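**Q** Structure provided below as structure tokens; questions to follow.
The values are calculated or read from the model by the stated rules, or taken from the named source; none is laboratory data. Bear in mind that the values here come from a model prediction, so they are computed numbers and not experimental data. Here the Cβ is made from the backbone with ideal geometry for all residues, glycine too, and neighbour counts use every protein chain on show. Side chains included, ligands, DNA and RNA excluded: accessible areas come from the protein's heavy atoms. Shrake-Rupley method; radii C 1.70, N 1.55, O 1.52, S 1.80 Å.
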Amino acid sequence: MRLVVITGLSGAGKSTALNALEDIGFFAVDNLPPSLWFGLVEAIQDKGNEDVVVGIDIRVGTSFLNEVQRTLEHLERAAISATAIFLDANDEALVRRFNFTRRTHPLSEGSLGSDIASERTALAPLRSVADEIIDTSTLSAKDLTLRLRRRFVRDSPFTLRVVSFGYKRGVPTDVDLVLDVRGLPNPFYDPGLRSLPGTEPAVQSYVFTADGLDLYSDLRTLIATLSNLARDGTRTSYSVAVGCTGGQHRSVAVVERLNHDLASKFQVQAVHRDLDSALAEHRDE
């Protein structure tokens with residue numbers, strides 16, 4: 001299993017780092033005393049989760065900080081490999097961040113400058129045993145997240161989720177982008193197609209006439225571009241909702257085609273939110 005310990009100076013990005021690893025599947029715990037790490041690891045192993053990240057900083061006090069090195073040695077003897085990452089930053093960057101967030105330093109023993117100096121001294125032993133020191137002085141939260149993702153992510157492909165829906169049943173609120181395809185040819189007005197779903201080839205042929213294909217091509221390009229931007233950033237997924245009036249014909253046909261056309265670029269998850277409800281309406285007519 002992988003155990004990552006995130007420590008470092010207050011304001012250097014520990015919360016960002018914990019969130020970044022939690023987003024890629026790590027079980028995250030903040031400021032758990034080192035003497036309890038072994039029990040945590042055993043409990044997580046029993047549940048089948050292989051990855052754990054623990055954060056620890058000056059807030060736990062020097063007595064607990066002094067236990068870190070001994071605990072890491074204990075874990076190593078138990079064949080549990082731990083990676084300790086120390087987040088550092090220069091004083092100017094730390095002062096700027098504290099002033100921006102208007103938070104007080106955890107020590108609050110004197111001026112902000114003296115508190116930072118005292119914290120550096122207290123954390124010096126941890127810095128000396130860290131497997132990696134990351135200077136975040138010039139890194140944004142996004143930069144730090146990307147760096148950690150590139151190092152620790154396993155085989156976790158980016159997922160593009162495309163959802164068909166009907167506007168008369170409500171617009172999805174759990175997506176990144178909503179697209180309206182009610183301008184496409186509507187099979188509802190063809191008696192032979194009215195009761196069929198958008199998964200049927202006949203319905204898709206009706207929807208994707210010449211004009212329909214032009215609009216679809218533009219939508220596909222937009223979705224691919226925005227999904228690539230999300231993937232190149234810190235996102236592990238991107239969600240697009242495609243809507244028509246009832247969620248049976250046009251939106252379903254578009255999502256089916258997107259699933260086919262973009263499968264070589266992304267791991268695509270196609271969902272037809274309202275298709276069953278729309279088909280049930282026709283059966284009840």
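**Q** Across the range 69-125, what is the number of residues that are polar (S, T, N, Q), more than 26 Å from THR138 (Cα to Cα) and in contact (Cβ under 8 Å) with a residue 40 or more places away in the chain?
**A** Of the residues in the range 69-125, the ones polar (S, T, N, Q) are 69, 71, 81, 83, 90, 99, 101, 104, 108, 111, 114, 118, 121.
Imposing the further condition that a residue be more than 26 Å from THR138 (Cα to Cα) reduces the set to 69, 71, 81.
Those left that are additionally in contact (Cβ under 8 Å) with a residue 40 or more places away in the chain: 69, 81.
Here the count works out to 2.
**Q** Being closer than 24 Å to GLY39 by Cβ and open to solvent by less than 50 Å² (accessible area, probe 1.4 Å), is that true of even one residue in the range 119-128? Reasoning before the result, please.
**A** Going through the range 119-128, the residues closer than 24 Å to GLY39 by Cβ turn out to be 125-126.
The next check asks that each one be open to solvent by less than 50 Å² (accessible area, probe 1.4 Å); those that pass are 126.
Checking the range 119-128: at least one residue is closer than 24 Å to GLY39 by Cβ and open to solvent by less than 50 Å² (accessible area, probe 1.4 Å).
**Q** Same structure, new question: Quickly run through the range 141-161 and pick out the residues that are polar (S, T, N, Q) and open to solvent by less than 50 Å² (accessible area, probe 1.4 Å).
**A** Looking only at the range 141-161, we keep the residues that are polar (S, T, N, Q), and these are 145, 156, 159.
Those that are polar (S, T, N, Q) and open to solvent by less than 50 Å² (accessible area, probe 1.4 Å): THR145, THR159.
**Q** Let me ask something else. In the range 20-52, which residues are open to solvent by 80 Å² or more (accessible area, probe 1.4 Å), under 17 Å from THR71 (Cα atoms) and of a type in the set (D, E, K, R)?
**A** Scanning the range 20-52 gives a single hit, GLU42.
**Q** Give the residues of the range 208-242 that are among the small types (Gly, Ala, Ser) and assigned to a helix (DSSP H, G or I), sorted by residue number.
**A** The initial filter retains those residues of the range 208-242 that are among the small types (Gly, Ala, Ser), namely 210, 212, 217, 224, 227, 230, 233, 237, 239, 241.
Answer for the range 208-242, where residues must be among the small types (Gly, Ala, Ser) and assigned to a helix (DSSP H, G or I): ALA210, GLY212, SER217, ALA224, SER227, ALA230.
**Q** Restricting the range 270-285 to residues that are part of a helix (DSSP H, G or I) and among the hydrophobic types (A, V, I, L, M, F, W, C), which is farthest from TYR216 (Cα to Cα)? If you could, list the steps in order and put the result at the bottom.
**A** Taking the range 270-285 first, the residues part of a helix (DSSP H, G or I) are 275-284.
Imposing the further condition that a residue be among the hydrophobic types (A, V, I, L, M, F, W, C) reduces the set to 275, 278-280.
On the way: LEU275: 20, ALA278: 23, LEU279: 24, ALA280: 27 Å.
Top of the filtered list is ALA280.
**Q** Got a sec? Which of SER164, SER205, SER227 is hydroxyl-bearing (Ser, Thr, Tyr) and open to solvent by 50 Å² or more (accessible area, probe 1.4 Å)? It would help to see each step written out before you state the result.
**A** Numbers: SER164 fails: open to solvent by 50 Å² or more (accessible area, probe 1.4 Å); SER227 fails: open to solvent by 50 Å² or more (accessible area, probe 1.4 Å).
That would be SER205, the only listed residue that is hydroxyl-bearing (Ser, Thr, Tyr) and open to solvent by 50 Å² or more (accessible area, probe 1.4 Å).
**Q** Please enumerate the residues belonging to the range 111-158 that are in contact with an Asp or Glu (Cβ under 9 Å, 6 or more places away or on another chain), of a type in the set (Val, Ile, Thr) and within 18 Å of THR16 (Cβ to Cβ).
**A** The answer is ILE133, ILE134, THR136, THR145.
**Q** Turning to a different aspect of this structure: If you go through the range 248-269, how many residues are open to solvent by 30 Å² or more (accessible area, probe 1.4 Å), over 11 Å from VAL162 (Cα atoms) and in a helix (DSSP H, G or I)?
**A** Count: 2.
**Q** Condition test on THR199, is it closer than 16 Å to VAL271 by Cα and in a loop (DSSP other than H, G, I, E, B)?
**A** Spelling it out, THR199 is indeed closer than 16 Å to VAL271 by Cα and in a loop (DSSP other than H, G, I, E, B).
**Q** Taking the range 232-247 only, how many residues are open to solvent by less than 10 Å² (accessible area, probe 1.4 Å) and modelled with pLDDT of 95 or more?
**A** Of the range 232-247, the ones open to solvent by less than 10 Å² (accessible area, probe 1.4 Å) are 233, 240-244, 247.
Checking the rest, the ones that are also modelled with pLDDT of 95 or more come to 240-244, 247.
So the answer is 6.
**Q** Sticking with this one: Pick from ARG70, ARG77, ARG96: which is under 28 Å from the mean Cα position of the chain (by Cα) and open to solvent by 10 Å² or more (accessible area, probe 1.4 Å)? I'd like the intermediate steps shown before the answer.
**A** Working: ARG70 fails: under 28 Å from the mean Cα position of the chain (by Cα); ARG77 fails: under 28 Å from the mean Cα position of the chain (by Cα).
It is ARG96.
**Q** Of the numbered conditions (1) over 19 Å from SER195 (Cβ atoms); (2) open to solvent by 40 Å² or more (accessible area, probe 1.4 Å), HIS272 satisfies every one except a single condition; which is it?
**A** Single failed check for HIS272: (1).
**Q** List the number of the failed condition for PRO201; all other conditions in (1) touching a Lys or Arg at 6+ places or on another chain (Cβ under 8 Å); (2) over 30 Å from ARG149 (Cβ atoms) hold.
**A** Here PRO201 meets the rest and fails (1).
**Q** Residue by residue through the range 100-118, note down the ones that are surrounded by 10 or more Cβ atoms within 10 Å (Cβ to Cβ) and part of a helix (DSSP H, G or I).
**A** LEU112, GLY113, SER114, ASP115, ILE116, ALA117, SER118
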